[in-house]
Amino acid sequence: MTVDVPQLVAQAREGRPRAVARLISLVEGASPQLREVMAALAPLAGGAYIVGLTGSPGVGKSTSTSALVSAYRKAGKRVGVLAVDPSSPFSGGALLGDRVRMSDHASDPGVYIRSMATRGHLGGLAWSAPQAIRVLDAAGCDVILVETVGVGQSEVEIASQADTSVVLLAPGMGDGIQAAKAGILEIGDIYVVNKADRDGADATARELNHMLALGEARGPGDWRPPIVKTVAARNEGIDEVVEALEKHRAWLEKHDVLTERRARRAAREVETIAVTALRERIDDLRGDRRLGALARRIVAGELDPYAAADELVAGLTGG
């Protein structure tokens, strides 16, 4: 069933949650009207500040996200939350889609919360996350909080989708050791040691600070990731996190890094769309005479697989 995209976009701009939900559903379902939706949203997006929150399961990402929503709403900002959850093995939907910890904001018209399923996509995000972020951006959200699925060390894709990446850790979960492993130190703009009322919080912060000092060398004007201790369940330290976020945003804008990050994000999105389109065309070739002919030439020793792949790509792209 086709929808009236201009009308839907206009309603989303007015802050109607059902219109926003419908647009994101079109994105998730890879609707035939997706191109029309993205074309309509393109001139309207670009004003939101995108914050990614990542970390191992159990560190308090949802609780911290909820606390940040409260802080931003207190400042009068419209907030969008994109919470990426594991996929149900049966329906393919978001396994934790009820977002119980954020239920306090369910009736707030200035907050839009959406759960998305990974649907097997690795890296902690759903494949349609960039387009869903654009929907929330165009709908007038000042801040968009993207909470990743919590898959551990491989959850580094958020760094390519957010303006600022927040890495959460907690004492007593081995996070001090995890911080030393590849990936975690490269993606954090701000580090938060949550559940700081527990034993070992100071030790975790010290270990993290030590690992950051041993990491990549930074010049005098480079951003140095701060470490903030919080107890998100009691709203302690959240104002300090917001302050760190605002300082990082100011640094990004001052050094023209924000535009550069967003350009890289757009390039990655274009690349993903192009690769997906090519993969679909390759899938269409299965059983095609051209592929069969190339395969027989390889078996006969007339062609190597790389040369055959070059011929296939040239045929697909018209090169």
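The values are calculated or read from the model by the stated rules, or taken from the named source; none is laboratory data. This one's a predicted model, so the numbers in the text were calculated from it and none came from an experiment. Every residue, glycine among them, receives a Cβ derived from its backbone with ideal geometry; neighbour counts consider all protein chains shown. Just the protein is used for accessible areas: all its heavy atoms, side chains included, with ligands, DNA and RNA removed. Shrake-Rupley method; radii C 1.70, N 1.55, O 1.52, S 1.80 Å.
Observations on the model:
- Extended-chain gain in nm, criterion 0.36 nm per residue less alpha-carbon gap, R262 and A75: 64.8 nm
- Here's how it looks for V146: its modeled amide H is under 5 Å from those of V51, G52, L53, L82, which are all 5 or more places away or on a different chain.
- Pairwise label distance in nanometres, I298 with L44, each label 7 Å out on the Cα-Cβ vector: 4.7
- FRET efficiency, 1/(1 + (r/R0)^6) with R0 51 Å, evaluated for R289 and R234 via beta carbons: 0.15
- Gain upon complete extension [E186, D104; 0.36 nm per residue less C-alpha separation]: 26.2 nm
- Cβ-derived FRET efficiency at R0 51 Å, A203 paired with R35, nearest 0.05: 0.45
- Working ranking of peptides 221-227, 15-21 by packing, defined as the average number of other Cβ atoms within 10 Å per residue, highest first, is 15-21, 221-227.
- Highest average packing first - 53-61, 229-237, 198-206, Cβ atoms within 10 Å: 53-61, 229-237, 198-206
- Heavy-atom accessible area order for V5, V299, largest first, 1.4 Å probe: V299, V5
- Peptide packing for 242-250, 273-281 was compared via the average number of neighbouring C-beta atoms within 10 Å per residue; ordered from the highest value, the list is 242-250, 273-281.
- Count Lys and Arg as plus one, Asp and Glu as minus one, and take only other residues whose Cβ is under 14 Å from that of S31; the net charge is then -1.
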